[in-house]
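Take a look at the structure below.
Read-outs: derived from the displayed coordinates by stated rules, not from any lab. Quantities reported herein were computed from a predicted structural model and do not represent experimental measurements. Positions of Cβ are generated from backbone atoms using ideal geometry, with glycine treated the same way; all protein chains shown enter the neighbour counts.
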Amino acid sequence: MKITLHMLATLIIVGALAGGGLSLMNGWAEPLIQENQRQLRDAAIGFLVPGTPEEAVDQDGLTAWRVRDAEGQLAGWVVRYAGVGFQDKIDVMIALDPERREIRGLKVLQDSETPGLGTWIRLSPANETLLLTTPDRDLGEAVNDAKNYPLQFFAYGGGKHLSAAGDLEVVKGKKRKDLAPNQVQAITAATISSRSVVAIVNAAVVKLDALLAQQGGA
Amino acid sequence: MSKKELSLGADFTKGLWDQNPVLRQLLGMCPTLAVTTSAINGLGMGVATTFVLVCASLMVSLVRKAIPAQVRIASYIVIIAAFVTIVDLAMKAKFPALSKSLGAFIPLIVVNCVILGRQEAYASKNNPLRSVVDAAGMGLGFTASLIVLGGVRELLGNRTVFGFQLLPDVWEPWIVMILPAGAFLTLGLILGGVNMLNRHREQAALQTARRASLAVKEA
């Protein structure tokens, strides 16, 4: 009986001390973690559509922001949505024009795709620099590389944009100049990752349309 | 019969080579193979594991006499889990990019057998100072192994080490090195090299001993 009580008391004391310590630690870390996430999100929105985002609209796993320019005009939309990737979920932010007819950009916030293959769905630092130093984002020949997959969502062939009708499809082996506005060239050896991103984008634009229709228009 | 006690310095250095957790004891293989796609990942995982190992060893050593043998493993796990959660929260708060890169492997430090192994084999039987020194040596050995493994894989698979390009652009990256197969290949080759080196050292020591013995006989 004595040893049982000793065992119980030990476990209770160890558990209580660990719990108390973690509670203190969480109190310190939680605001910093929230702040990091907010900064990451704001930086991604600012990168995709420069301007001031309005309050987010949330529904069914989708988060959308209207972004206004300095004059208060609607500069575009940013939509955040996650879907299934090759190994785990892929969390992306998609930029749309004010009328939501064209896709103007894409940024992957989180993924667990195969390093060196599926990870090309992310913008590389070189891609980001190119986008930041090309004000009109007419990327010309830069999109003609399988490793520049995400650039296709910003512009392709002479600054044309992808359709935001929710009908994007992945194609293989086509020349960039022959691609239709709803076609995205797959990453070599990472077709599943390429298809996953396209499926997430399609689902996001359809869900955004449904959400705005429910709220009575844009 | 009491076992001969090592000096504090020997207690520290044994984890670096002779009892290196990765290269000699083959412990903690899951994070070793999974996160070492780059040198920075190896460093991040190594530092996180070392922190948990040192703190848990100190705590276990301090309370070792108060914990009944029947619940010692459960108590150690609670102590280890608390420190792992502290590391996880601190990384998310201060190093969000590294935390994202290491993903689920930070919480999984709880089940890293290097840590529980040192508590059971050492910290629960030794004083706090010796336990901390032993843990620091083991942690440093673990970290160094992960950095070497991550560095080799990053160099051959991405031309860089710690993000700095070391191989020229003409070098076509070996994608296999940053895939799981690359982890097994690299670890296998490193282990082979370490075993070969140790065999040479043992043979050299044996020959020296033989020569000394012959010299004594001749004299």
### Task
With the Cα gyration tensor of region B:47-182 in hand, give its eigenvalues times 5 under a square root as the equivalent ellipsoid semi-axes, listed largest first in whole angstrom.
35, 15, 12
### Task
Per residue of A:118-126, count partner chain C-beta atoms within 10 Å of its C-beta, then hand back the mean as an integer.
0
### Query
Given N residues in region B:104-190, what is Rg(Cα) / (2.2 N^0.38 Å)?
1.43
### J(HN,Hα) series, region A:206-216, from Karplus relation 6.51 cos²θ - 1.76 cosθ + 1.60, nearest Hz, glycine and proline x
5, 5, 5, 4, 5, 5, 6, 5, 5, 7, x
### Task
Enumerate the calculated ³J(HN,Hα) couplings along region B:6-20 in order (Karplus 6.51 cos²θ - 1.76 cosθ + 1.60, θ = phi - 60°), each rounded to whole Hz, writing x wherever the residue is Gly or Pro.
6, 6, 4, x, 5, 4, 6, 6, 4, x, 6, 9, 4, 10, 3
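Could you compute the FRET efficiency for A:GLU71 and A:ALA213, with r as their C-beta to C-beta distance and R0 at 22 Å, rounded to 0.05?
Numbers: r = 27 Å, r/R0 = 1.24.
FRET efficiency, A:GLU71 to A:ALA213: 0.20.
Can you give the percent of C-alpha pairs in region B:123-172 whose distance is more than 15 Å? Don't skip to the end; give the middle numbers.
Values: 723 of 1225 pairs.
Distances greater than 15 Å cover 59 percent of the Cα pairs.
For peptide A:10-17, what's the mean number of Cβ atoms from other chains within 10 Å of each residue's Cβ?
Per-residue shielding by partner chains comes out at 5.
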### Query
What's the Kirkwood radius of the protein assembly as shown in Å, using all Cα pairs?
25.3
#### Entry: chain A - convex hull of the alpha-carbon atoms, volume per residue in Å³
173
